[in-house]
Amino acid sequence: MHAAIISRRRRHGQPASAHRRPTRHDPPVLRPSALLPFVALLAACTPTDAAPIRQASLTLQDCRISGVRGPTRCGTWAVPENPDQPDGRQIDLKVVVRPATDAPVAPDPVFFLAGGPGQGATEVMAQVSWLGEANEHRDLVFVDMRGTGGSNKLACAAPDPADLAARLELDAGLDEVDACLAALDADTAQYTTPRFIADLDAVRAALGYEQINLYGGSYGSRAGLAYIAAHPEHARSAVLDGLAPYALKLFLTFGEDGRQALERLFADCAADPHCGEAFPDLATRFWPWLDGLRPSDAAQALPTVTIRDPRTGLQSLDVPISRDAVASAIRGLLYSADMASLLPLALHQAIDGDLEPLLAQSLVLGDGMEDGMASGLMLSVACLEDIPRITDEERAIAAAEPFLGSVLIDMFTAACSRWTVGTVPDSLFEPVQSDVPVLLLSGGEDPVTPVRWAIEAARTLPNAILVTVPATGHIAAGAGCMDEQIATFYDAPADPFVLEDCDTEIKRPPFFLSFTGPTP
């Protein structure tokens with residue numbers, strides 16, 4: 001199920017016809033070509049020797065994006081905040097294009113769909129290294145979803161950086177939710193996935209592209225599926241990574257999927273001679289310790305830990321800490337295989353009474369997330385499209401889950417009771433049925449969107465290729481030579497796919513036995 005077989009990009013004119021294209025009936029393999037589900041029967045266009053002539057009405061200008069090397073072109077495209085009132089308030093969507101770096105230039109670019117919901121596509125451009133190979137002969141297009149980045153960002157106030165307790169809390173509080181909603185200059189009911197899909201297609205048309213390829217990670221995979229359903233004639237192919245179809249109701253299975261990833265980490269540590277010897281019986285010791293962080297009654301005060309601010313390394317504060325916050329912090333660290341390699345050591349020390357390394361890692365990770373996420377947009381989407389679909393029976397089952405329980409569901413349910421949301425058609429939640437070629441990528445150690453969600457989406461995507469990348473967390477496109485696989489897929493998504501081994505086998509990063517470094 002986790003066989004590692006990532007094909008490399010076809011070069012030097014190797015014929016593709018001699019190779020069999022895997023079907024969705026094959027076991028999930030690692031590497032066909034990367035990412036989630038897209039399914040396009042549309043014939044692949046043959047690149048020309050020069051950039052194709054397009055009728056573009058969106059004017060772009062040279063610009064600089066922090067952390068991004070090479071030429072970039074920026075512009076904005078105005079759309080009505082409420083499409084039912086086309087002459088009313090307008091939103092400027094931020095658009096950035098990275099032109100193809102070499103000729104011939106294909107007429108079909110790659111549109112990048114960010115995660116969250118709440119990430120701004122243009123704000124994470126510098127991190128999207130896995131589209132570098134595809135960028136050789138294709139433009140990359142980044143459009144900030146309405147409510148994110150430079151598109152009227154629905155940003156709620158972040159905790160004071162010096163307030164470590166607030167930064168470790170799970171729940172910002174209903175007063176903060178009310179204050180955020182009142183401060184936003186937006187009709188939050190208009191910030192939905194269907195509105196974003198309409199915006200995206202408007203930008204496509206304004207840039208003069210007839211067909212586009214998609215890359216969507218996490219929530220971006222859901223948006224990619226929604227685009228394919230709404231505009232199949234313009235979707236040439238898609239790579240969807242860390243699949244989150246509507247069958248996955250946000251927050252409902254986060255505890256279950258996170259616990260399974262944590263248990264695999266414990267098993268891998270026990271099987272590793274260095275990690276197993278350094279941290280014996282870690283799984284057996286962990287669960288009683290975690291449950292011991294919960295006060296025995298509601299009147300009992302939360303335990304406190306002394307922690308230094310990881311930003312400065314100077315200030316030490318006594319911070320109250322809850323069991324739920326610690327469980328959530330552990331789950332967050334499982335997203336990255338590199339961060340997870342530190343977890344056995346951090347948990348071993350926490351069980352022995354020193355929680356500072358574990359919480360410091362969580363604070364650093366949280367800082368990076370908060371800087372780029374539009375929490376108001378997340379509420380607008382989740383409070384409309386996910387929380388209302390969770391049934392009472394599902395809530396009861398989640399509450400009995402031993403890792404996170406229903407804490408995230410309860411927290412967002414409370415916040416959603418105060419948030420103004422719009423409407424979406426019931427058809428949005430139906431499985432997407434399409435013949436567009438799609439590459440479904442799943443990390444073998446993903447704690448939030450494991451391969452079962454890609455398998456679920458592929459049931460109605462006959463041209464989907466399932467790829468499970470071992471020893472990889474959430475978002476698998478950056479592993480090994482997946483960048484080459486993605487480019488190969490975009491070159492000819494309807495052709496048989498070449499499967500070859502990568503030069504470097506993908507393995508879980510070595511576990512840290514001390515904070516000086518991993519095992520040799």
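The values are calculated or read from the model by the stated rules, or taken from the named source; none is laboratory data. The structure presented is a predicted model; accordingly, all values stated were derived computationally and were not measured. Glycine also receives a Cβ, built like all others from the backbone with ideal geometry; neighbour counts cover every protein chain displayed. Accessible surface is based on the protein model in full, side chains and every heavy atom, while ligands, DNA and RNA are left aside. Shrake-Rupley method; radii C 1.70, N 1.55, O 1.52, S 1.80 Å.
Points to keep in mind about this one:
- Length available on full extension from Asp102 to Gln433: 0.36 nm per residue minus the Cα-Cα distance, which gives 115.6 nm.
- Two-site label geometry, Arg294 and Thr413: point separation in nm, points 7 Å out along Cα→Cβ: 1.6 nm
- Percent RCO, i.e. relative contact order, over region 262-416, from Cα pairs under 8 Å lying at least 6 residues apart: 18 percent
- In range of the label at Ala183: residues from region 370-392 whose backbone nitrogen is under 13 Å from the point 7 Å along Cα→Cβ: 375-376
- Of all accessible heavy-atom area on region 173-225, the percent that carbon and sulfur account for (1.4 Å): 52 percent
- Accessible area per residue in Å² at 1.4 Å probe, computed on region 390-520: 41 Å²
- Annotation: extensible slack from Glu210 through Ile397 equals 62.7 nm (criterion: 0.36 nm per residue apart, minus Cα-Cα distance).
- Placing pseudo-labels 7 Å out from each Cα toward the beta carbon at Asp354 and Leu302 gives an inter-label distance of 2.4 nm.
- Once the chain from Asp338 to Arg89 is taken as fully extended at 0.36 nm per residue, the excess over their C-alpha distance is 85.2 nm.
- 3J(HN,Hα) along region 178-195, derived from phi through the Karplus expression 6.51 cos²θ - 1.76 cosθ + 1.60 where θ = phi - 60°, amounts to 4, 5, 5, 4, 5, 7, 6, 9, 6, 8, 5, 5, 9, 10, 10, 4, x, 5 Hz, with x in place of Gly and Pro.
- In order through region 224-234: 3J(HN,Hα) via Karplus (6.51 cos²θ - 1.76 cosθ + 1.60), integer Hz, x for Gly, Pro: x, 4, 5, 5, 4, 5, 7, 9, x, 5, 9
- Cβ-derived FRET efficiency at R0 22 Å, Glu233 paired with Ala78, nearest 0.05: 0.35
- Each residue of region 242-258 was assigned a 3J(HN,Hα) from its phi angle through the Karplus curve 6.51 cos²θ - 1.76 cosθ + 1.60 (θ = phi - 60°); the sequence is x, 5, 10, x, 5, 4, 8, 8, 3, 6, 5, 10, 4, x, 4, 5, x Hz, with glycine and proline shown as x.
- His274 accessible area, assembled protein chains, probe 1.4 Å, Å²: 90 Å²
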